[in-house]
Amino acid sequence: MKIITLIFCFFTCSILAQNTSSPLEKKTQYRPLILPSAFITYGFIGLKNEKLNALDLSIRDELRYVERQVHLDDYLEFSPLVAVYGLNLIGKKGVHNLRELSKITGYSIVMTGVSVASIKLLTGKERPDGPDGSDLTSFPSGHTATAFMCAEILYQEYRNESILYGILGYTAAATTGYLRVYNDKHWFSDVLAGAGFGILSTKLSYLLHKKLNSRHKRRYLP
């Protein structure tokens, strides 16, 4: 149970850290990038660090399925994004309209997909269930990256309405990460790094969208 608590403490930090407000936070728009960057750093250190490797093994031994896998993670990863578009379709608008939201989602998908795919090729880390190194695409977790990307979009769009949206989205994402370990598809460090890439890609996408919009408005000012 201690290991399970550790896992969900990491992911709870994602929600709580984004809901804080301070004078320093208002002065810089880059402070929210610190936490996902820390997740990614942890994952990279875990590639070679013996103590973190031992922790990965310990978590795997505690969480790995006994009888059969649960494939809910193949569908749950997209649920926060489905919720965003679903809320829009029933008339509950978020921060951006559908056109702007789709642009941001597109940026996020590209950033997340390219970063995860590239690093998988570069690191070549074996999955926990990979026989004799036949599957070397463990790091980082793509399912988890997608899930946290979607959760961050849900949070960003509806955080002014209620923090509950962010909690629900991040709970779905954390569950996806948990199931990747449970199904013996990823190590804990893979999942944590995947979460970092998903969150970071989305945050950068919102910053990019804001910058492009500001430039566009300046161009057409009378």
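The values are calculated or read from the model by the stated rules, or taken from the named source; none is laboratory data. Predicted, not measured: the structure shown is a model, and the values here were computed from it. Here the Cβ is made from the backbone with ideal geometry for all residues, glycine too, and neighbour counts use every protein chain on show. Side chains are part of the model used for accessible areas, which takes the heavy atoms of the whole protein and leaves out ligands, DNA and RNA. Shrake-Rupley method; radii C 1.70, N 1.55, O 1.52, S 1.80 Å.
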- Using alpha-carbon pairs under 8 Å, 6+ residues apart, how would you state the relative contact order of region 78-222 in percent? 30 percent
- Message: Suppose every Lys and Arg Cβ carries +1 and every Asp and Glu Cβ carries -1, with no other charges. What dipole size does region 36-135 come out with about its Cα centre, to the nearest 20 debye?
- Response: 600 debye
- Item | List 64, 99, ordered by accessible area with a 1.4 Å probe, largest first | 99, 64
- Whether region 61-127 is rounded, prolate or oblate, judged on the alpha carbon gyration tensor where a/c under 1.5 counts as rounded: oblate
- Note on the structure: Eigenvalues of the alpha-carbon gyration tensor of region 79-222, times 5 and square-rooted, give semi-axes in Å, largest first, of 32, 19, 10
- Query: Farthest toward the dipole's positive end in region 86-147, which of 136, 118, 98, given Cβ charges of +1 (Lys, Arg) and -1 (Asp, Glu) about the Cα centre?
  - Reply: 98
- How much area per residue is accessible in region 100-180 when the probe is 1.4 Å and only protein heavy atoms are counted (Å²)? 39 Å²
- Query: With all protein chains present, how much of the accessible area of region 104-195 (probe radius 1.4 Å) comes from carbon and sulfur, to the nearest whole percent?
  - Reply: 63 percent
